[in-house]
Ligand SMILES: [Zn+2]
């Protein structure tokens, strides 16, 4: 999975059937957590 802020690759991997809601994705490059939704490989950042 890629960071929605900077596009850096994160350590989290998505499966085809992975569904995440309001998941705090940590990016080692930004050193920030972004809240995301993910479904069918589509990742959306939540503001
Ligand atoms: Zn990032």
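Values in this text are rule-based calculations from the coordinates and carry no lab data. Please read all numbers here as calculations on a predicted model, not as lab measurements. Cβ sites come from the backbone with ideal geometry, for glycine too, and all protein chains shown count toward neighbours.
Give just the number: which of (1) surrounded by 14 or more Cβ atoms within 10 Å (Cβ to Cβ); (2) within 15 Å of the ligand (Cβ to nearest atom); (3) under 9 Å from the mean Cα position of the chain (by Cα) does residue 37 not satisfy? Going through (1) surrounded by 14 or more Cβ atoms within 10 Å (Cβ to Cβ); (2) within 15 Å of the ligand (Cβ to nearest atom); (3) under 9 Å from the mean Cα position of the chain (by Cα) one by one, residue 37 breaks only (2).
When restricted to residues that are within 15 Å of the ligand (Cβ to nearest atom) and surrounded by fewer than 11 Cβ atoms within 10 Å (Cβ to Cβ), the range 1-13 contains 2. If residue 16 satisfies every condition in (1) in contact with a strand residue (DSSP E or B) (Cβ under 8 Å, 6 or more places away or on another chain); (2) away from the ligand (no atom under 15 Å from the Cβ) but one, which is the exception? Condition not satisfied by residue 16: (1).
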